[in-house]
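Worksheet for the structure shown next.
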C-alpha cells in the first residue's frame with residue numbers, strides 16, 4: 001500500500017502562506033523542468049496570487065483579509081493586497097491531512113454541520129497558522145449562516161480594524177443602492193486604514209483598476225461564450241481556476257491568464273480540437289453542476305469527460321459572467337455597479353437570496369449552454385441550497401425535461417465521500433438514467 | 001381557571017380561525033424581526049408560527065432536505081398539512097432556514113392553489129444608522145402591502161395603539177419572569193415557556209386577559225424547589241416538554257435566552273412621535289434576539305451573564321438545534337466568559353422532535369448532580 005503523502009510536519013506549527021507558496025513553486029519548477037510551456041499560465045497565476053500575499057508587507061502594502069463579496073477594486077486602489085480567505089479551503093481541499101487539521105480544530109467549538117469552507121479558514125485562524133499578520137479584515141454578512149459564525153470569531157482572533165458590508169437578500173435596485181451607500185462609508189474607513197486620501201490620484205488609480213477589472217470580466221464573458229460552443233473546447237476544471245478572479249480583479253496577471261485561456265480555446269476551436277479529456281469526437285453530454293464546485297475532487301470532472309464524454313460546461317455557483325462598469329468617471333455609477341458585482345458573484349447570485357434568483361441562473365445555464373445532464377452536486381455544508389433543491393430540480397424537470405441526480409458531497413473535506421463512492425453514484429446515473437456509454441469499458 | 005389553557009403547549013388556532021371568520025386576515029410570522037405592531041395596525045392578526053409537537057416533518061423534508069433545521073422544516077410541515085390555515089406568511093431573512101420556509105411555502109401554496117399573501121422583508125445583520133434606515137424602508141414596504149391586503153391603512157396613530165397593546169404584553173411577560181427570580185418560584189421553566197409560546201395562539205386582547213388572570217392567581221400557586229437553578233440558551237425552543245425532561249431530573253429552569261422565551265418580548269418600545277416607524281425599526285433591529293447578526297455577539301454574551309446573575313443561575317444549558325449555524329459557534333467565547341464568573345455550561349444538541357429525550361435526561365441529571373454538590 002502506498003504511503004499517504006504528508007503535506008506538512010504535524011509536529012510543528014504550519015505556516016499556511018509559506019507552505020502554499022512552496023507547494024505552488026515546486027509545481028512550477030516541476031513543470032519548467034518537464035518543459036510544459038503551454039500550461040505554465042495555469043500555475044503562473046497561482047504563484048502570483050500567493051506570493052503577492054506573502055510579500056505584501058515586504059512590498060510596503062497593507063494586507064487585508066476578506067470574506068464574502070467586498071469591493072476588491074477599492075482595496076487595490078488604496079494600495080492594499082486583498083487576501084480572499086476562501087482561497088485557503090479551496091486550495092487545501094484535496095490535501096486530506098492539512099484540510100482535516102483545520103476542520104477538526106474548528107469542530108472543537110462549532111458544529112460539524114457548518115460549511116467546511118468556513119471551518120477550514122476558521123480553523124487556520126484559531127490555530128494561528130495563517131503565517132501572515134493582517135492589517136485589516138473586511139467581510140460581508142453573506143454568503144451564509146456558516147460564514148456568520150466564522151467572520152465574527154475571526155474578527156476577534158485577528159484583532160485588527162474590521163469593516164462589515166451588510167448584504168441584503170434582495171438583488172434589485174433597492175439592494176444595490178443599499179450596498180452602494182455602504183461603499184461610500186467604506187472610503188473614509190480605507191483612508192483611515194491606509195493614510196491615503198480619496199483624492200484625484202486615488203480616483204485615477206481606481207479608474208485604472210476598474211478598467212483592468214472590466215477587461216478581465218469581458219474575457220470571462222467571452223470564455224463563457226466559448227463554453228457554449230459544441231463541442232465545448234475547455235475542460236471542466238478551468239471553471240475552478242477562473243474563480244481566482246475574485247481576489248485578483250483589477251490586476252494585469254488575471255487578464256493575462258484569462259487571455260491566454262481564451263486564445264488557446266479559440267485556437268483549439270478553429271482546429272476542431274478540444275482541451276477536454278473526452279474521447280476524440282465524442283462529447284455527447286453537457287453537464288451542469290448545479291451547486292458549488294467540488295474542490296475536494298476536481299478530478300471527478302476529468303473522469304466524467306474520459307468515461308462518458310460528459311463535459312462540465314458550467315457550474316451553478318460559478319462565474320457565468322461579470323458586471324462591466326460602464327461609466328468609470330461617474331462615482332455614483334461606479335459605486336452602484338460595484339455593488340451589483342458584489343451581489344452577483346458566485347455563491348451570492350444564486351444562493352443568498354430567494355430561490356427565484358437561483359432559477360434565473362438555471363435558466364441562463366440551461367438555455368445558453370445546452371445542458372443535457374443535470375447534477376445537483378450538493379455540498380452538505382450548504383444547507384440553505386439543499387433547502388431550495390426540490391424547487392430547483394422540479395423546475396428543471398418541468399421546463400427542460402431533464403432529471404437531476406442528487407449527490408451529497410463535501411466540497412472541501414475529502415473525508416466525507418471517497419472517490420470510488422462518488423464515481424459509483426455518478427456512473428450509475430449516467431448509465432441507467434442518461435443511458436451513457438462507458439468508454440473506459442472499451443479499453 | 002381559564003388561564004390553565006396557557007399550559008397546554010399544543011398549537012391552537014381557534015383564535016385565528018375566529019378572527020378570520022369575522023372577515024379579517026391573519027398571517028403567520030417566523031423570526032423575531034417581523035414587527036407584530038405593523039401587522040396589527042393594519043387590522044391583521046400576526047400569528048408567530050411554531051412547530052411544537054410536530055413528530056413527522058417528512059413532507060417538508062422532501063422540500064427542504066434532511067440537511068435543514070428540523071424546527072424550520074416542522075413549521076413548513078404545519079403550513080403544508082393545514083395545522084396552520086392562515087392568509088399568508090411574513091418573513092425576514094432571519095437566518096437561511098426561515099428564508100427557505102418562505103420560498104418553499106410560497107412555491108407549495110401556489111401549487112396547492114392557495115391564495116397566500118407571502119411577503120419577505122430584509123433585516124440587516126449589523127445595526128447602525130444606514131442599516132436602520134434600510135430596515136425602516138423595508139418595514140414601510142410591508143406596511144404598504146398590508147394596508148392593501150386588509151384595506152386598513154397603517155397610520156402613525158394605528159402603530160402607536162398597536163405598540164401600546166404589545167407593550168402591555170411585554171410588561172405582563174416581564175412580571176411573569178420576575179416571579180422566576182424568587183428562591184422558590186411559583187412557576188416552573190416548562191410552565192413559563194408554555195405561557196410565552198402561547199402568545200402566538202391568541203389575539204393580543206385574549207392573551208393579555210389570560211396573562212392577567214395567571215398573574216393574579218400566582219400567589220396561590222405552590223412554590224417549586226429545584227436542586228439547581230438553570231438557564232437554557234440557544235436555538236429556537238418552542239417545546240416545554242424539552243424543559244420538563246431537565247426539570248424532572250432536579251433542575252429548575254429560571255431563565256432562558258432563545259427566541260421563543262423572554263427574548264420574543266423584550267423591553268417596551270419607546271415611541272418617538274416624530275418617527276413612529278423609525279422607532280419600531282430601531283427597536284427590532286437593535287435588540288439582541290439572536291446571533292444571526294454579526295455585531296451583537298459580545299452584547300449577547302454580556303446579557304446572558306447579567307441575566308444569569310440576576311436570576312441566581314448556577315448552570316447554563318446551551319441547546320443547539322442540529323443544523324442551526326446561528327447558534328453554532330457561541331461556545332468559543334461564551335464558555336470562558338462564563339467560567340470567569342463561575343457558571344458552568346453544558347452543551348447539548350437537539351432536534352425539534354423529542355428524539356433524544358433519554359440522552360438529555362442522563363446528561364441533565366449529571367449536570368444537576370455536579371451543580372448540587
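Suppose a student asked you for the relative contact order of the range B:9-150, using Cα pairs under 8 Å spaced at least 6 residues apart; what percent would you report?
25
What's the angle, to the nearest 10 degrees (0 to 90), between helix A:145-158's Cα axis and the longest principal axis of chain A? The answer is roughly 40 degrees. Counting other Cβ atoms within 10 Å as a rough exposure proxy, the listed residues A:393, A:307 run A:393, A:307 from fewest neighbours to most.
Return one number: the angle in degrees, 0 to 90 and rounded to the nearest 10, between the long axis of the Cα atoms of helix A:16-34 and the longest principal axis of the Cα atoms of chain A. The angle comes out at about 50 degrees. Each Cα pair under 8 Å and six or more residues apart adds its separation to the average, and for chain B the resulting relative contact order is 20 percent.
When shorter helices are ignored and each DSSP H run of at least 4 residues is given -39500 (n - 2.57), the per-residue value for chain A at 222 nm works out to -16000 deg cm²/dmol. What is the average number of partner chain Cβ atoms found within 10 Å of a Cβ in A:140-150? Mean shielding by partner chains, rounded to a whole number: 6.
So if we plug the beta-carbon distance of residue B:4 and residue B:114 into 1/(1 + (r/R0)^6) with R0 = 45 Å, what FRET efficiency do we get, rounded to 0.05? Computed FRET efficiency for residue B:4 and residue B:114: 0.85. Projected label points at residue B:85 and residue A:424, each 7 Å from Cα along the beta carbon direction, are separated by 4.9 nanometres. Each residue in A:355, A:112 was given a count of other beta-carbon atoms within 10 angstrom of its own, and listing them fewest first yields A:112, A:355. Residues B:121, B:75, A:311 in ascending order of nearby Cβ atoms (within 10 Å, fewest first): B:121, A:311, B:75.
Structural descriptor for chain A: relative contact order 16 percent, calculated from alpha carbon pairs under 8 angstrom and at least 6 residues apart.
What separates the Cα centres of the range B:81-113 and the range A:48-82 is a distance of 42 Å. Extension gain for residue A:330-residue A:266 works out to 19.6 nm (0.36 nm per residue, less the C-alpha to C-alpha distance).
Between residue B:58 and residue A:6, the FRET efficiency from the beta-carbon distance, with R0 = 51 Å, is close to 0.65. Between residue A:184 and residue B:340, what FRET efficiency comes out of the Förster formula 1/(1 + (r/R0)^6) with R0 = 60 Å and r the beta carbon distance, rounded to 0.05? Once rounded, the FRET efficiency stands at 0.90.
Other chains' Cβ within 10 Å of A:351-357 residues: what's the mean? Let's see the in-between values first.
Values: counts 1, 3, 5, 7, 7, 3, 0.
So the per-residue partner count for this stretch is 4.
Computed over the Cα atoms of the range B:9-150, pair by distinct pair, the Kirkwood hydrodynamic radius stands at 15.5 angstrom.
Axis angle, to the nearest 10 degrees, between helix A:419-428 and the longest C-alpha principal axis of chain A: 50 degrees.
Overall shape of chain A was characterised from the C-alpha gyration tensor. The equivalent ellipsoid obtained from it has semi-axes of 33, 25, 23 Å, in decreasing order. Largest mean-square fluctuation among A:343, A:206, A:268, in a Gaussian network model of chain A whose springs join Cα atoms under 10 Å apart, belongs to A:268. Sorted from greatest to least, the principal axis extents spanned by the alpha carbons of the range B:140-206 come out as 50, 20, 20 Å. Annotation for residue A:55 and residue A:208: the two label points, set 7 Å from Cα along the Cα-Cβ direction, are 1.8 nm apart.
Taking each residue as 0.36 nm, the span from residue B:309 to residue B:174 lengthens on full extension beyond its C-alpha to C-alpha distance by 46.9 nm.
In whole percents, the pair-distance distribution calculated for the protein assembly as shown from its alpha-carbon pairs, binned every 10 Å from zero, is 2, 13, 22, 25, 19, 12, 6, 1, 0, 0.
Readers should treat all values here as calculations from the given coordinates under stated rules, not as data from a laboratory. Since the model is a prediction, treat every value here as computed from it, not as a measurement. So basically every Cβ, Gly included, is an ideal-geometry build from the backbone, and we count neighbours across all protein chains shown.
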